[in-house]
1. Please determine, by comparing only the residues of segment A:77-104 that are within 9 Å of another protein chain (Cβ to nearest Cβ) and in contact (Cβ under 8 Å) with a residue 60 or more places away in the chain, which one is most open to solvent (accessible area, probe 1.4 Å).
2. Name the helices (runs of 4 or more DSSP H) wholly within segment B:33-131 that hold at least 3 residues that are touching a strand residue (DSSP E or B) at 6+ places or on another chain (Cβ under 9 Å)?
3. Which one of the conditions (1) open to solvent by less than 50 Å² (accessible area, probe 1.4 Å); (2) more than 13 Å from chain B (Cβ to nearest Cβ); (3) not aliphatic (A, V, I, L, M) does residue A:50 fail to meet, given that it meets all the rest?
4. Of all residues in segment A:160-199, count the ones that are outside any helix (DSSP H, G or I) and among the aromatic types (Phe, Trp, Tyr).
5. Go over the candidates A:169, A:203 one by one and state the one that is surrounded by fewer than 20 Cβ atoms within 10 Å (Cβ to Cβ) and more than 12 Å from chain B (Cβ to nearest Cβ).
6. For segment A:31-150, which strands (runs of 3 or more DSSP E) that fit wholly inside it have 2 or more residues that are within 30 Å of residue A:196 (Cβ to Cβ) and of a type outside the set (Gly, Ala, Ser)?
7. Tell me which of these residue B:118 doesn't satisfy, since it passes every other one: (1) within 20 Å of residue B:190 (Cβ to Cβ); (2) within 11 Å of another protein chain (Cβ to nearest Cβ).
Amino acid sequence: MITDRELDKLIICKKCHKIHEVEQLEHGEIATCSYCGTTLYSCDKDSIKKAFALSLASMIFLILTNFFPLVQIDFLGSEQYVTIFKTMVTLSSEGFWFVALMVSVLIFISPIVIVMIHIMLFGLIYFKREKELARKLLIFLGYILPWHMSDIFLISILVALVKLIGFVQINIGIAFFSLVAFVIIDLYITRVMPMHTLWFNYQKVFEDE
Amino acid sequence: MSNKIFESKEDLLRCPLCEAVNYDRGRLTKCRRCHSSLYSYKYFKNEKSVAFLITAIIAYIPANIYPMMITKNFGHEISSTILGGVILLWQQGSYPISLIILFASIFVPIVKFVILLYLIINAKYPKQEVSNSTKKNMYYLAEIIGPWSMIDVFVVAILASLIHLKSVEIIAGNAATAFALSVFFTLLAAQSFDIGSIEKHKEGQGDSRDSKTR
């Protein structure tokens, strides 16, 4: 039998499911799967600090994204704009409540929840407090992470705009740019802080005294 | 830096939620770190996944029959299905966009259905034509491309709330709900598929697992 401690020193590649031993890396090194080449984990001494700062920044961009118009159009003198909130209201008022519910979860609720969890989690790990809360947040984060589609929404906006080119005059709003910034930061955070790195940090801070 | 591969005699599982490495204790395996249950293959052979997948396939039929988007242009109504929209865009000359929509709302769901169906059937009636690592890559592909089929729903949502002018109006069609349901259930099906069932059907393994479980 292998003990839990030794199991913690193992990692399974998300792509090919080969089991690897975790090795101590130098600052800036990246460990890859020797079978399929997928990045397994990386080492960055300030990763928690960086992720904490970046998640605060992404919260600001997220607020901008949710309150300002994404796109404004001008057609024969009549103007229209769209915000994330307006898409959901329009859909539900036209009777597509399931689509509205799904869209609101995917692009409104889960980004907010994920950003809040990130901020709290990195803060808790950084200040080494509230072990139980950090644990619950980590578990909840695992459940909600697959239901986050801001990046796909960004591509959809571009597709919708290309469809409209030629028919109407398009003005891109503040929220669009902040959505771009939010998506880039979010991708960076999930890249340096995937689930197992978060758990490694959690265990390092709270369990290995 | 490439990592060493760890050879183990025991069956080890990866928790899909927190990615911890766990022992495989059969049906009742709980993740030692996050305590979520790691569905294991001995008794439930992906039933949940099958149920979600069938629901998704059923929902995909009306998604293709009913109109996805209705354009009201000076009282003149044009409704287009998913495929109709792709063809219309192709005729209008916006090839990249029509290819993106074709990829996201027709190619992705069908590839996902085929991959998951194949993997589930293969787990039930094992045949070793395709190697296990190819099957794992297929599953990874299905998981990665899955969410991209939401593009069409988002596009319709944006256009429907943006184009609300006196003369021109775009309304979402019934297919939007069906398609969203279909995507929702394919995501659930992929999530509840047990990756362990791909390789755990070597001969003679069933009995030893039985005794270990009880």
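The values are calculated or read from the model by the stated rules, or taken from the named source; none is laboratory data. All values reported here derive from a predicted model rather than from experimental measurement. Methodologically, a virtual Cβ is constructed for each residue, glycine included, from the backbone with ideal geometry; neighbour enumeration extends over all protein chains shown. In case anyone asks, the SASA skips ligands and DNA or RNA and just uses the protein heavy atoms, side chains included. Shrake-Rupley method; radii C 1.70, N 1.55, O 1.52, S 1.80 Å.
1. A:81
2. Hits in segment B:33-131: B:82-92.
3. All conditions are met except number (1).
4. In the first step, residues of segment A:160-199 are kept if they are outside any helix (DSSP H, G or I); the result is A:165-173, A:193-194.
Now narrow it down to the ones that are among the aromatic types (Phe, Trp, Tyr): A:167.
Qualifying residue count, segment A:160-199: 1.
5. Working: A:203 fails: more than 12 Å from chain B (Cβ to nearest Cβ).
Residue meeting the stated conditions: A:169.
6. Working: elements: A:39-42, A:71-75, A:78-82.
Those strands (runs of 3 or more DSSP E) span A:39-42.
7. (2)
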